[in-house]
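Data first, discussion second: the structure below is written as structure tokens.
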Amino acid sequence: MYPFTYLFGLLYLLGCARPPSLPFVRQSTARAIGGMSSGKIVCVTGGSGYIASWLVKLLLQRGYTVRDLDDPKKTEHLRALDGAAERLHLFKANILEENSFDAGIEGCDGVFHTASSFYQAVTDPQAELLGPAVKGILNVLASCKKVSIKRVVVTSSMAAVEYNGRPRTPDVVVDDTWFSSPEICEQDKQWYVLSKTLAEDAAWKFAKENAIDIVTINPAMVIGPLLLPTLNTSAVAILNLINGSTSYPNASFGWVNVKDVAMAHILAFEVPSASGRYCLVERVVHYSELVRIIRELYPSLPVPEKCADDKPFVPIYQVSKEKYKSLGLDYTPIETSIKETIESLEENFVNFLSF
């Protein structure tokens, strides 16, 4: 048994009033959605995840109807969303089981595949990360192929973009033409990075061979308000900086607001001209800059004063914003994202705080 059961929420965001062919009740919506017909039907895998929870929230706000998952522990935060009582309906699907998504995807116009697993330490990379990542996305795409889904939006990661040995310095601009190197990932034992790289590569190959229209969303470290009852990896990174750590890592990462990521998913589905990969990074900053921002926002918080080592700071770099802005979107400033994250931690995770 893997550390996760790989039973992910399968959310059906419906705008259809026709009689169902499946044993589920489909409800109608009355509102046009961003230029798209309210009759569009989409499903979301991994609906109880951090990004997917915001995706569901925004889809509900835009008038979609969403199916519910009978799993109170994972979906209680979704049930509390506005519109959830009338239009939230989730069901379970085993992402590692072939044909598991067939019935749910049938009749949909689009699919959002957000389901993924993240482990910082694994004992069997192939069984715990690599195999499930590739098999999961291929199972979903195979179900999409059977019913000619019009578009699939895949949640990938900047991990699948920038781990390739190329220099990343202040004058370098990373864009959607960059791909991580599986060989370098394996050599450096970057198993999560490798899992995202292999999964995205498998998705593009399957899409090309089977004429499926896919778009990938490749966010960096995702922060912002937390809808989940548990902490995600990026929120933990911020929590560690305000919770008594004596030093900060010598590392530079890209950061992006979760609401921006969720909206990019929606517009990647709704905008007909959307295509390819979308690298989502508002700004790349060193941890020392994160500490400075937090100190300015919250002077009383106990942020670390020194770096974890005496080496030169890992340089920052740039990430192109051109494709993201082509969707008609602007990024939330990192200062706002950090503020929203800390406010969310203080409101919902007080037991994790030592101050």
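Sort out which residues of segment 219-247 are among the hydrophobic types (A, V, I, L, M, F, W, C) and more than 24 Å from residue 305 (Cβ to Cβ), and write them in order of number.
Listed by number, the residues that qualify are 220, 222, 226, 227, 228, 231.
Are there any strands (runs of 3 or more DSSP E) wholly within segment 51-136 with 2 or more residues that are modelled with pLDDT of 75 or more, of a type outside the set (A, V, I, L, M) and out of contact with any His (no Cβ under 9 Å at 6 or more places or on another chain), and if so which?
Strands (runs of 3 or more DSSP E) meeting the threshold: 110-113.
For residues in segment 329-342 being more than 13 Å from residue 294 (Cβ to Cβ) and touching a helix residue (DSSP H, G or I) at 6+ places or on another chain (Cβ under 7 Å), which is surrounded by the fewest Cβ atoms within 10 Å (Cβ to Cβ)?
Of everything passing the filter in segment 329-342, 329 is surrounded by the fewest Cβ atoms within 10 Å (Cβ to Cβ).
Search segment 192-221 for residues being hydrophobic (A, V, I, L, M, F, W, C) and assigned to a loop (DSSP other than H, G, I, E, B), and hand back the single one that is nearest to residue 320 (Cα to Cα).
220
How about segment 138-165: which of its residues are farther than 16 Å from residue 277 by Cα and in a helix (DSSP H, G or I)?
Answer for segment 138-165, where residues must be farther than 16 Å from residue 277 by Cα and in a helix (DSSP H, G or I): 138, 139, 140, 141, 142, 143, 144, 145, 146.
Against the condition polar (S, T, N, Q), in contact with a Cys (Cβ under 8 Å, 6 or more places away or on another chain) and either over 26 Å from residue 290 (Cβ atoms) or modelled with pLDDT of 95 or more (or both), how does residue 218 come out, does it pass?
yes
Could you tell me which residue of segment 177-214 is surrounded by the most Cβ atoms within 10 Å (Cβ to Cβ), considering only residues that are among the hydroxyl-bearing types (Ser, Thr, Tyr) and touching a residue at least 24 places away in the same chain (Cβ under 8 Å)?
195
The values are calculated or read from the model by the stated rules, or taken from the named source; none is laboratory data. Note that the coordinates shown come from a computational prediction; the quantities given were computed from them, not determined experimentally. Note that we place each Cβ from the backbone using ideal geometry, even for glycine, and neighbour counts take in every protein chain shown.
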